[in-house]
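We did not get these values from a lab; they are worked out from the coordinates using the rules stated. Source: prediction; values computed, not measured. Positions of Cβ are generated from backbone atoms using ideal geometry, with glycine treated the same way; all protein chains shown enter the neighbour counts.
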Amino acid sequence: MLAAPEPSALSGKTVVVTAGPTREKIDGVRYLSNYSSGKMGFAIAAEAARRGATVHLVSGPVTLPTPPGVQRHDAESAVEMLEAARPLFADCDLFIGAAAVADYRPETPVEGKIKKHDAEMELRLVRNPDILAEFSTNRKPGQLAVGFALETAGGIDYARRKLTDKKLDLVAFNIYDGTTSGFEVDTNVLTLLDRDGAITELPLLSKEEAAERLLDAIELLLPR
Ligand code: CTP
Ligand code: CA
């Protein structure tokens, strides 16, 4: 007789995932944003739910359907994403920041539509809050914090710095090359760096497979 499969370490845990881009208002009809599709974060949320976790997905504006069994909280800007995520911080076992949160927002969004003039125009930007860092620095013992580090090239040192600066348990270093890895595409090449210094280089995978491998690595770090 075959032995029953081991239950997932995520079964019965509560997971919060941020996903997608944020939009930062310039005026009533324009915004600053990025090319994030939300696919990686949605794939992680779907897989965590399949493994028996209670999953809250805090999503920026994307065109993806909500995965089965996942509780979705929509937000537009970084400030709104933090407001949607913050009430979920206290009761989660694991926070995964997969959103491409805009680092800056226009200082004073204009009501209505800005009209063009002959002169140049300046747009003053101010820093947005860091959602993952806020969770990570205020969390209770036993709560895990996982982030992504999207870099264009040679970025593994930046990824390592994010792991230590934001006091993360694991960071998924993600090279953005615009074709097989990063935003918009269906595949990803991740390198996982964990708090103990272990480095796992994953091959080119679909975002669903990458989510499985990422959650496998996280399961090993979860308190039993
Ligand atoms: N993140 C976040 N809130 C922000 C910025 C980033 O929660 N305002 C999270 C992202 O979801 C990701 C991690 O922090 O998990 C790293 O994001 P990234 O943009 O790669 O790094 P930054 O720390 O913003 O640094 P930089 O953009 O300068 O590389
Ligand atoms: Ca950033």
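Which of LYS166, LYS207, LYS140 moves the most in a Gaussian network model of the chain with Cα springs under 10 Å?
Highest fluctuation of the listed residues: LYS140.
Counting other Cβ atoms within 10 Å, keep those with at most 15, restrict to DSSP loop, and tell me which GluC sites (Glu not before Pro) in the range 58-139 are left. Display every interim value, and only then the final one.
Details: sites: GLU76, GLU80, GLU83, GLU107, GLU111, GLU120, GLU122, GLU134; in loops: GLU76, GLU107, GLU111, GLU120, GLU122.
Passing sites in the range 58-139 are GLU107, GLU111, GLU120, GLU122.
Is it possible to state the helix-based mean residue ellipticity at 222 nm for the chain, with each DSSP H run of 4+ residues giving -39500 (n - 2.57), the sum divided by total residues, to the nearest 500 deg cm²/dmol? What is it?
Details: 5 runs with 57 residues, N = 224.
Helices in the chain give a 222 nm mean residue ellipticity of -8000 deg cm²/dmol.
Taking every DSSP beta bridge that has both residues in the chain, what percent is antiparallel when rounded to the nearest 5? Walk me through the numbers before you get to the answer.
Working: 16 of 42 bridges.
Approximately 40 percent, going by the DSSP bridge assignments.
Of THR18, THR191, THR164, which is the most mobile in a GNM of the chain whose springs link Cα atoms less than 10 angstrom apart?
THR164
Given Cα positions, please report Rg to Rh for the chain, the hydrodynamic radius being the Kirkwood one. Intermediate results must be reported in sequence, preceding the final value.
Details: Rg = 18.2 Å, Rh = 18.2 Å.
Over the Cα atoms of the chain, Rg/Rh equals 1.00.
Tell me which lysines have Cα within less than 24 Å of LYS116's Cα, excluding those fewer than 8 residues away on the same chain?
LYS25
Pick from ASP118, ASP194, ASP169 the residue whose mean-square fluctuation is largest in a GNM of the chain, springs joining Cα atoms under 10 Å.
Residue with maximal mean-square fluctuation among ASP118, ASP194, ASP169: ASP118.
Of LEU123, PRO61, ALA78, whose Cα points farthest to the positive end of the dipole of the range 48-147 (charges on the beta-carbon: +1 Lys, Arg; -1 Asp, Glu; origin at the Cα centre)?
My answer, from the dipole projection, is PRO61.
Between ALA149, PHE95, PRO203, whose Cα lies farthest towards the positive end of the dipole of the chain when Lys and Arg beta carbons carry +1 and Asp and Glu beta carbons carry -1, centred on the Cα centre?
PHE95
Would you mind getting the Kirkwood hydrodynamic radius of the range 105-150 from its Cα pairs, rounded to one decimal in Å? Please report the intermediate quantities before stating the final value.
Details: mean 1/r = 0.0686 Å⁻¹.
Final number for the Kirkwood radius of the range 105-150 is 14.6 Å.
Mind listing which GluC sites (Glu not before Pro) in the range 152-224 are in a DSSP loop and have 12 or fewer other Cβ atoms within 10 Å? Intermediate values should be presented prior to the final figure.
Working: sites: GLU184, GLU201, GLU208, GLU209, GLU212, GLU219; in loops: GLU184.
Answer in residue order: GLU184.
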